Amino acid sequence: MTTWPTRTRQPEGEIIHVLGQAGENDVEMHAILAEFGLPYEFPESVEKEAQKIPDAIPNAEILKRRDMRATLTFTIDPADAKDFDDALSVRYLEEGNVEIGVHIADVSHYVRPGTELEKEANRRATSVYLVDRTVPMLPEKLSNNLCSLRPNEDRLAFSAVFELNAKGKILKEWFGRTVIHSERRYSYEEAQQVLDTKEGDYPKELLLLNSIAKVLRKERFKNGAINFETAEVRFRLDDNGKPLGVYQKERHDSHKLIEEFMLLANKRVAEFVYSLSKGPSKNTMVYRIHEAPDPDRLKTFASFVGKLGHKLEVDDEKKIAKSMNSMLLEVEGKPEQNLIESLAVRTMAKARYSIEDLGHFGLAFKRYTHFTSPIRRYPDVMSHRLLQHYLNGGESVNGEIYENACKHSSERERLASDAERASIKYKQVEFMSTMDKDRIFDGIITGVTEFGIFVEITETASEGLVRMTDLGDDYYEHDKDNYRLIGQRTKRIYTFGDAVKVQVKDTNLARR
C-alpha cells in the first residue's frame, strides 16, 4: 500500500508481483501461499550457504559420536516421501531384551546459530504441505540429501536408544549424537505387507517392533489418551496438477508402529531434560503442550452428539478421555463418523509450543516435546540444541528467547495448516467441477443455517451448500437450538448428521 484511504480519497497501492493466469495449477498454489504469507522460494544467500556444506562426513566428526552403523537400521515413510527424518534400529540383547534406537536427522549439526540457514529456518518454522507440493523449511541440499536418512549411506543422527523387555518396559535409555547407516527404505505399504505375510526383508524385527508398539499404544489409552483418527483427503493428480481422483488415506499397523516410537522418543526426551534440572528452577525446554478442553465447548459438543444419539460424559474430567474414546469407537463406520471426528478435534484446545510445562491432554503425557522431525519443524531443532546443551552439563538457558520462538512457530504452524486446507478445498472443488451434472451422490448434513444446509459428499469429503431456495417442496424454518430445518406444510425435517442424496448444481473455484 502506498497511500491509505481517507474520507475523500481511495486507497492506492502498487503491484509488486503478478502471480499469473487464474485457473493454472502453479498460479493457484502460489496464490494460496501468498494469501497466507508463506514463501515458495529460498533467498539466494540461503541457497548459496547450503551449497557450500560438504557432502562427506569428516572422520573427526564420526569419532565424536556413538557409531551405530553396524546395527540393523531402516526407515518407514510414505511411498512418495523425499525427506526421511527418522529411522529405527533393532539389536537383540542377552536375557531376551532388545535395544531399539529412534534415530533422527541431526539438522542442528548443519544449521548453526547465526547462519542464513538458521535465520530462514526460524522464519519459516515449518514445511508447508500443499496438495501437489512441499514447500520445505530447509533447502533441498539439506532436506532431501544431507539430513535425509537415505538407505545405504552414512548419516549423522541424534538418537534416543532404549533397552526394552518383551512387555515394552524401558530398562535403560541413552540420548546423544550418533552416526548410522540405513539398510532399507520401506514405504508404509511395503512394511505392512511384511507384517501381514511375515515374509520379505527383516520380518522378525518388524513383527517385534509392531508387538512392542501395540503394548505402548494400549498403555497410552489406559492412561487416558484420546484416539483421534481424522480422515485425511488425498488426490491422484495428472502431470499438470489436475485432480483425476480423490481418496481418503488409510492408517495401518505400519503407520501406528512408527507413530508409537516417535511418541516414545518425544516423551522420554522431555522427561529426560526435565530430570537434568539443577536446583528449584527447571531447565528451559521447548514443550509441545495441549491443554484440557474448555468445559463450555465440551458441553456444547456433548449436547450436539447427544442429539445424534451418542452419549459423552463431560462432568468428570477423569472420565472425559474414556468416554470420548468409546463414543468415537461407536461412530466408526457410520455416515456421521467424519463429521463427529472433526468436530471432536475442533472442540479440543489447539496444541502449541511453549516453554511452560503444561503436559499433553490428548496424548495423556505429563511432559511432551517435538524431537523427531527437525527437517520440517523448527521447534524440533531447538529441542535438539537444548538437549545437547544439557547433555554437555550446561545450565538452564534464557527462557524468554525460546518462548518467543515457540509463539512464532505455533503461529506459522497454524498458517501452514490453513494453507494446506485451502489447497485441499481448491482441489476438491476442481474435482467436483468435472462431475456429470446428473450424477447423484450420497452425502451427510454437516451444517444447518437460516439460508440452507451444508452437505459433505461422502465419497470425496467435499462440502457444498444446498440453498433454502433449492429446497423447493416446502417453506422451511430454521430451528437453531436443534440444528435442523422444519417444513411448514409437510413437517419434513432436515437435521445435522442426516444422510441425504445430492446433485452438484454449480462449483465456484474462486471461492473454493
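Find out how many positive minus negative residues lie around residue 172, taking Lys and Arg as positive, Asp and Glu as negative, among other residues whose Cβ is under 9 Å from that of residue 172. Once positives and negatives cancel, what remains is -3.
In terms of packing, defined here as the mean over residues of other Cβ atoms within 10 angstrom, the peptides 56-66, 378-388 line up highest first as 378-388, 56-66. According to the square roots a ≥ b ≥ c of the eigenvalues of the Cα gyration tensor, what is the shape class of the range 180-253, taking rounded for a/c under 1.5, prolate for a/b larger than b/c otherwise, and oblate for the remainder? Oblate.
For the peptides 69-76, 204-211, 399-406, 467-474, the ranking by packing is 69-76, 204-211, 399-406, 467-474, with the highest mean count of neighbouring Cβ atoms within 10 Å listed first. Can you flag which of 172/311; 242/311; 334/491; 214/282 are past 31 Å Cα-Cα? From the list (172/311; 242/311; 334/491; 214/282), the Cα-Cα distance tops 31 Å for 172/311; 242/311; 214/282. Using a/c under 1.5 as the rounded threshold, could you call the range 50-131 rounded, prolate or oblate? The axes a ≥ b ≥ c are square roots of the C-alpha gyration tensor eigenvalues, and prolate needs a/b larger than b/c, oblate otherwise. Cα axes put the range 50-131 in the oblate bin. Roughly how far apart, in whole Å, are the Cα centres of the range 160-211 and the range 315-392? Comparing the Cα centres of the range 160-211 and the range 315-392, I get a distance of 24 Å. Round to the nearest 10 and give me the degree value, 0 to 90, for the angle of helix 399-432's Cα axis relative to the longest principal axis of the chain. Helix 399-432 and the main axis of the chain meet at about 50 degrees. In the chain, the longest principal axis of the Cα atoms and the axis of helix 317-330 are about 70 degrees apart. Rg and Dmax of the range 1-97, based on Cα coordinates, read 25.4, 85 Å. Equivalent ellipsoid of the range 184-336: semi-axes from √(5λ) of the C-alpha gyration tensor, largest first, are 31, 28, 18 Å. Leaving out ligands and nucleic acids, note down the accessible area per residue over the chain with a 1.4 angstrom probe, in whole Å². With the other protein chains kept in place, the chain gives 51 Å² per residue.
Using C-alpha pairs under 8 Å with a sequence gap of at least 6, the mean separation divided by the residue count of the range 100-149 gives a relative contact order of 30 percent.
Rounded to the nearest percent, how much of the accessible area of the range 1-160 (1.4 Å probe, protein heavy atoms only) is carbon and sulfur? Answer for the range 1-160: carbon and sulfur cover 50 percent of the accessible area. Here the peptides 40-47, 258-265 are ranked by packing, the mean other Cβ count within 10 Å, and the order with the highest first is 258-265, 40-47. Remark: accessible surface ordering of 493, 340 (largest first) is 493, 340, probe radius 1.4 Å. Per residue of the chain, the DSSP helices (runs of n ≥ 4 H) give a summed -39500 (n - 2.57) that works out to -11000 deg cm²/dmol at 222 nm. Potential lengthening of the chain between residue 481 and residue 172 amounts to 105.7 nm, from the contour at 0.36 nm per residue minus the alpha-carbon distance. For the chain, the longest principal axis of the alpha carbon atoms and the long axis of helix 203-222 meet at an angle near 60°. Compactness ratio for the chain: Cα radius of gyration over 2.2 N^0.38 Å (N = residue count) comes to 1.08. Counting pairwise Cα distances across the range 119-170, what percent come out greater than 16 angstrom? Percentage above 16 Å: 63.
Taking the centroid of alpha carbons for each part, the range 101-117 and the range 52-72 are 14 Å apart.
Under the rule a/c < 1.5 gives rounded, and otherwise a/b versus b/c splits prolate from oblate, where does the range 379-512 land using the Cα gyration tensor? Because a/c hits 1.5 or more and a/b exceeds b/c, the range 379-512 counts as prolate.
The values are calculated or read from the model by the stated rules, or taken from the named source; none is laboratory data. What you see is a predicted model, and the numbers here were worked out from it, not measured in a lab. Counting neighbours? That spans all protein chains shown, and the Cβs are built from the backbone with ideal geometry, glycine included. Note: accessible area is taken over every heavy atom of the protein model, side chains too, but ligands, DNA and RNA are not part of it. Shrake-Rupley method; radii C 1.70, N 1.55, O 1.52, S 1.80 Å.
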